Structures are given as C-alpha cells and as structure tokens.
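Take a look at the structure set out below.
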Amino acid sequence: RASAQLIRVAALVACGDAKVSQVESQDAVSTFRDLGDKLNEAHALHLLALASALGATRGAYEEGIRYALDALAIHRDLESWQGQSAVELSIARLNLERERPEQALQASREALALLNEFGGSDDSARLAHAILTQAYLDDDDEVAALQVAREAVLRFKESGNLRQHALALDTLAAGLLIAGALDEALAETEAALSLSRSMEDTDLEAYLCLRLSEIQAQKGNDEEALQAAEDAVGLWENHDADHSEEVACARHQVVLQLLPRFDPKDSLKEATLARAYFSHTGDKHREAFTLLKIAQIIYTSGDVKEAMETLLVAKDMFRETENPRGEALALNSLVEMQHENLDAALQTCLRQRAIVQEAGWTWEEIKVLNTLASLHQRQDLKSAGRAAREGFRMAKAVGRKLEQVKLLMQAVQVNLSAISSQKSEVSRNMLEETQRLARDAVA
C-alpha cells in the first residue's frame, strides 16, 4: 500500500497538483519513516520537495530545497548514487528557479560527476548538461555554458541516441541565442528539427518549432517566426495525445510574433485562448504573463485605461503568487503607459525599484534608475542627476558597459538641461563635469 501511494504521489506531482501531492507526499514520508524504510523515505522526501516547489513562489522553492537536502542526506548515508544524482538535479533546478546560479552550478556538477562515474540513463545525463548550461548562463559565464552544451551534443551524437542528441542541440541553440550568435543558433535548431523528423517525433518537432520561431524573431524574420509558431500549434493540435498545455504555450508564442506586425485582432484572439487555458488549469504564473501581453495588445489598440486595468490584474496575480520578477515587469509596463501622468509614473517606478532592490537584482535596478532619471528630468533636474549617477556607479561596478554609456549620457543631458533652463547657476565646475561626462560616454 505504501509503495502504491508513492507511485500515486509521483503521478500527482507530474500532473502539477500542488495541494493534493503535498498532503499525500507528507503522508508517505511519515509512513516510510514509521516503517524504518530509509530508501523509500528518501524517495518520498524527494517527491515532497517537488510537490512543494509546485507553488512556484520563493517560499515554495525554499521549502522544496530543504526537503530535497533531507532526501540527499539519506541517499548519501545509504550510498545510493542513483538517488543522489536524481536529487542533486532537482536541487540544481530549484536553485535556478530561486535565482541562485552558484548553488545550481554546484549541484548540477555533482550530479553529472555521479552519472559519469557510475553510469546512468542518457536522459539524466542530458538533463544534467542542460541544467549545468543554464546555471552558467544565469551566472553570466557564456563561454563555460557553450562548452558544456557542445560536450553534450558530442556525447549524444557519439552514443547514437537521436532524441537526446536533438535535445542537446536545442540546449546549445538556446545558449547561442543568449550569446547573440543567431546564425549558429539557427543552424543547430534546424539540425535538431531534422533529427526529430527522421524519428517522426511530432511532439519534439513542435517543441523545436517554438525555438525556431524565437530565433527567427531575433533575426528580424517576422514571417518565418510566425510560421514556425503556427506550425507548432498545428502539430500539437493534430497530435493524438492531449497537448492542451503545449498548444496554449504555442499560442502565446504566436502572440509574440503578431504583436510587432500590429495585428491586434488576431493577437488578442490567440492571447485570450492561451489565457483561458491557464486560467482553467489554475496556472496563475503563466496566466499573469499572458495578461501582460493582452495589456500590450489593448494598449497598442488605443485603449489606455483598459490596458492599465489589465496590467493591474496581472500585477496583483504576480504578487499573490509571490513572483517579484513578474510584478516588476508589470510595473515597468505600467510606467510606460503612465507617461502622461508624471506623478503616477514616478510612484510606480519607485515601487518597481523597491521590488528589485529587495530581491538584489542589480541589473534590473540599473535599468530602473535609467527610467527614473528620464522621468525626473521632466520636473526635477537634481533628482534626475542623482538617479543617473547612482545608476552609472552601479553599472560600472558590475561591468555593464552599455548601461554605463546610457547613464552617462543621461547625466550629460541633465546638466545641459540645467544650463539651458538657467534653473541652476552655470558654474565652471558644471561645464567641466558636462564635458568630462560626454568624453567618458564616447570613450
């Protein structure tokens, strides 16, 4: 009975049923603990970790990591390398979700080392390479990320596992896309698509079509990007199995391609269908992101009031699910829509800064300071100058060259505005600072 319960919990986790899977996995942990079955207790703790993380909040990820570490300790005591590697991969993935790339790097390296030493499934090895690649990307080490991704491609090419080879090519393409190597990313994706078609793997082909759409969009090939996204929708809709979730995600990608073409009717239709699915399944995370796109569509159609109301719904949904990054994105869009109401835009921008400051996202805070400088420049040059200088210091500290230039130019513009408006004394120091800032910006 206890073993059957473990199978049931695994199915509930796979289906994304957070509430029931947490209750049943807690019960399974207690059952195996009472029985003195340490191995199955570890398995139950691992499932409890995954069930907890289904909450998709910072607190949920933290709780999931704690349970996973408890499971890992038992597997180490039992010298169960298979259990260790599986749990290490989950710890790595949860740390990525929690935006802790250094911990994800450590866990994924340990998982891969175990798999290489004792052997393991190709699927586990490929997943370990993929997580390690993403951890390096999140840690801003593109060179190491691409090296790991290429090692995985070579490994599965030599092993002859076509599916894992195709997925490894996709991981490499994703890394190349982030690195800006668009032609290489396109070539790797086309190679992966060729493999999926040779296997007649429709599910994988549809997934890779979404990657192709993303790359074509980055290359500025709008027609090709839209076609690839629509191909993904068609492949999943015509598939024998139920792919409602995948179709909803593909529709979201179609929306992204329709927006630049200013096709509000079709893009709103696709976005509304995607939102309906996410709402029906209780996936507030993706529903909120879809609402961001819906707000953008409504805004480009000219209804500013409804667009802002939609954004506020998305913002509240992000806050409810404890997703500060999503809330900050919603506030960023709201600032853009409030351009005619300076006081409201400033308040929104300050709230956005408070969120990214609390989360410790330096890169996002730099961008917010750039926006603040622009807003303040309309009425408070002193505050504009402070924001630009603070942003510049932060950008310099983390080596963000492009943002340094942008913020230096903001500071130059603030000084020039102050001089031209004669709202501050045109001193020799101000003129010299303006010249110095301008030289630094173009250096």
query = Hey, any hits in the stretch 372-380 for a residue that's more than 30 Å from Asp141 (Cβ to Cβ), modelled with pLDDT of 90 or more and among the acidic types (Asp, Glu)?
reply = no
task = Just name the residue that is nearest to Glu88 (Cα to Cα) out of those in the stretch 31-60 that are surrounded by 24 or more Cβ atoms within 10 Å (Cβ to Cβ) and free of Cβ contacts under 8 Å to residues at least 40 places away in the same chain.
result = Leu45
remark   = The number of residues in the stretch 175-206 that are surrounded by fewer than 22 Cβ atoms within 10 Å (Cβ to Cβ), under 24 Å from the mean Cα position of the chain (by Cα) and closer than 25 Å to Ala135 by Cβ is 10
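Conditions (1) open to solvent by 70 Å² or more (accessible area, probe 1.4 Å); (2) in a loop (DSSP other than H, G, I, E, B); (3) in contact with a Pro (Cβ under 6 Å, 6 or more places away or on another chain), marked per residue:
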{"position": "Ala373", "(1), (2), (3)": "no, no, no"}
{"position": "Arg378", "(1), (2), (3)": "yes, yes, no"}
{"position": "Ala388", "(1), (2), (3)": "no, no, no"}
{"position": "Gly391", "(1), (2), (3)": "no, no, no"}
{"position": "Met394", "(1), (2), (3)": "no, no, no"}
{"position": "Gln410", "(1), (2), (3)": "no, no, no"}
{"position": "Gln413", "(1), (2), (3)": "yes, no, no"}
key: Exclusive hit being of a type in the set (Phe, Trp, Tyr), open to solvent by less than 60 Å² (accessible area, probe 1.4 Å) and farther than 20 Å from Glu214 by Cβ, set Tyr277, Tyr299   = Tyr277
inquiry  = For the stretch 75-114: of the residues being part of a loop (DSSP other than H, G, I, E, B) and of a type outside the set (Asp, Glu), which is nearest to Ala53 (Cα to Cα)?
reply    = Arg98
key: Every residue from the stretch 1-30 that is open to solvent by less than 30 Å² (accessible area, probe 1.4 Å), at pLDDT 80 or above and not hydrophobic (A, V, I, L, M, F, W, C)   = Ser21, Ser25
query = Here are some conditions: (1) more than 17 Å from the chain's Cα centre (by Cα); (2) crowded, with 18+ Cβ neighbours inside 10 Å; (3) in a helix (DSSP H, G or I). Glu117 meets all but one. Which one does it not meet?
reply = (2)
query = Mind checking whether some residue in the stretch 428-442 is in contact with a helix residue (DSSP H, G or I) (Cβ under 7 Å, 6 or more places away or on another chain), modelled with pLDDT under 70 and crowded, with 20+ Cβ neighbours inside 10 Å?
reply = yes
ask   = With respect to the numbered conditions (1) at pLDDT below 80; (2) under 20 Å from Ile355 (Cα atoms); (3) in a helix (DSSP H, G or I), which one is the sole condition not fulfilled by Ala288?
value = (1)
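The values are calculated or read from the model by the stated rules, or taken from the named source; none is laboratory data. The shown structure was predicted, so the numbers you read here are calculated from the model rather than taken from an experiment. A quick note on method: Cβ atoms are made from the backbone with ideal geometry, for glycine too, and the neighbour counts reach across all protein chains shown. Just so you know, the surface numbers come from the protein's heavy atoms only, side chains and all, with ligands and any DNA or RNA stripped out. Shrake-Rupley method; radii C 1.70, N 1.55, O 1.52, S 1.80 Å.
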